1. Quick one: B:Ala67 ticks every box in (1) within 10 Å of the chain's Cα centre (by Cα); (2) hydrophobic (A, V, I, L, M, F, W, C); (3) within 12 Å of chain A (Cβ to nearest Cβ) bar one, so which box is it?
2. Identify, by number, the condition in (1) buried (at least 20 other Cβ atoms within 10 Å of the Cβ); (2) more than 9 Å from every other protein chain (Cβ to nearest Cβ); (3) within 13 Å of the chain's Cα centre (by Cα); (4) in contact (Cβ under 8 Å) with a residue 60 or more places away in the chain that B:Ala88 doesn't meet.
3. Exactly one of these conditions fails for A:Ile113: (1) outside any helix (DSSP H, G or I); (2) more than 14 Å from every other protein chain (Cβ to nearest Cβ); (3) closer than 30 Å to B:Arg9 by Cα; (4) out of contact with any strand residue (DSSP E or B) (no Cβ under 7 Å at 6 or more places or on another chain). Give me its number.
4. Taking A:Thr5 as meeting all but one of (1) more than 10 Å from chain B (Cβ to nearest Cβ); (2) under 13 Å from the mean Cα position of the chain (by Cα); (3) under 30 Å from B:Gln57 (Cα atoms); (4) surrounded by 20 or more Cβ atoms within 10 Å (Cβ to Cβ), write down the number of the exception.
5. Of the conditions (1) away from chain A (no Cβ under 11 Å); (2) surrounded by 18 or more Cβ atoms within 10 Å (Cβ to Cβ); (3) part of a loop (DSSP other than H, G, I, E, B), B:Gly16 clears all except one; give me its number.
6. Would you pick out the residues in the range A:55-91 that are in a loop (DSSP other than H, G, I, E, B), away from chain B (no Cβ under 14 Å) and closer than 26 Å to B:Leu96 by Cα?
7. Considering only the range B:24-40, I want to know if a residue exists there that is aromatic (Phe, Trp, Tyr), exposed (fewer than 13 other Cβ atoms within 10 Å of the Cβ) and within 14 Å of chain A (Cβ to nearest Cβ).
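The values are calculated or read from the model by the stated rules, or taken from the named source; none is laboratory data. Just so we're clear, the structure is a prediction, and the values are computed from it rather than from any experiment. Cβ sites come from the backbone with ideal geometry, for glycine too, and all protein chains shown count toward neighbours.
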Amino acid sequence: AQSVTQPDARVTVSEGASLQLRCKYSYSATPYLFWYVQYPRQGLQLLLKYYSGDPVVQGVNSFEAEFSKSNSSFHLQKASVHWSDSAVYFCALSPQGGSALGRLHFGAGTQLIVIP
Amino acid sequence: NSKVIQTPRYLVKGQGQKAKMRCIPEKGHPVVFWYQQNKNNEFKFLINFQNQEVLQQIDMTEKRFSAECPSNSPCSLEIQSSEAGDSALYLCASSLISGNTLYFGEGSRLIVV
């Protein structure tokens, strides 16, 4: 079975500060990993994805994430946040093969509040 | 801006009424997923298609929910008899091939009163 854990339900940072949103996963192999963002009253927007290769992946709006197989983690980072980054961020996992290919397993989400 | 188009953005239905949502996947994407996101931000996979064929669906979808993706028409998800517990955001997503990245629409928010 696979699962995704986002241990922080809410994170508050000041504008211009650095950010790390944590994501841990449980899966027997290396999965596909994603970070999505959801702004109020909107759908999910893809920030970045990891399939294989370089463990550091770059995404939109200067977000990046680092995959760690040893720690089963895929933490999201940003060097300097802007008030417009306030939203809910979801980490998600997809198995790489089998009948469940493509089905996403989501974490509970982390609400990011950026104080101007 | 999302290239997956979902309509309507909001719908309000009474218990027992039908509720129908539509989705136009991104052009060239043969795979379509439907998810339900509840108020606690829990996502539930409902059904997925590749072209017009159902790949997988959960039991709930088989009983009160119906979905289709006809050729040259929007995909649709319909709840035959709405229940209060169906109140949620219904998200449609599409991808190039199963296992590839999912791109989501803005969602259809159903409120069952």
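1. It is condition (3) that B:Ala67 fails.
2. Checking B:Ala88 against (1) buried (at least 20 other Cβ atoms within 10 Å of the Cβ); (2) more than 9 Å from every other protein chain (Cβ to nearest Cβ); (3) within 13 Å of the chain's Cα centre (by Cα); (4) in contact (Cβ under 8 Å) with a residue 60 or more places away in the chain, the one that fails is (4).
3. Failed condition: (4).
4. Result: A:Thr5 passes all but (4).
5. So B:Gly16 meets the others, but not (2).
6. From the range A:55-91, those in a loop (DSSP other than H, G, I, E, B) are A:55, A:59, A:63, A:69-72, A:79-82, A:86; that's our starting set.
Now restrict to residues that are away from chain B (no Cβ under 14 Å): A:55, A:63, A:69-72, A:79-82, A:86.
Within the range A:55-91, A:Pro55, A:Phe63 meet the criteria.
7. From the range B:24-40, those aromatic (Phe, Trp, Tyr) are B:33-35; that's our starting set.
From what is left, the residues that are exposed (fewer than 13 other Cβ atoms within 10 Å of the Cβ) are none.
No - not one qualifying residue is present in the range B:24-40.
Residue by residue, here is whether (1) of a type in the set (Gly, Ala, Ser); (2) more than 23 Å from A:Pro40 (Cα to Cα) holds:
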position: B:Val12; (1), (2): no, no
position: B:Ile24; (1), (2): no, no
position: B:Gly28; (1), (2): yes, yes
position: B:Pro74; (1), (2): no, yes
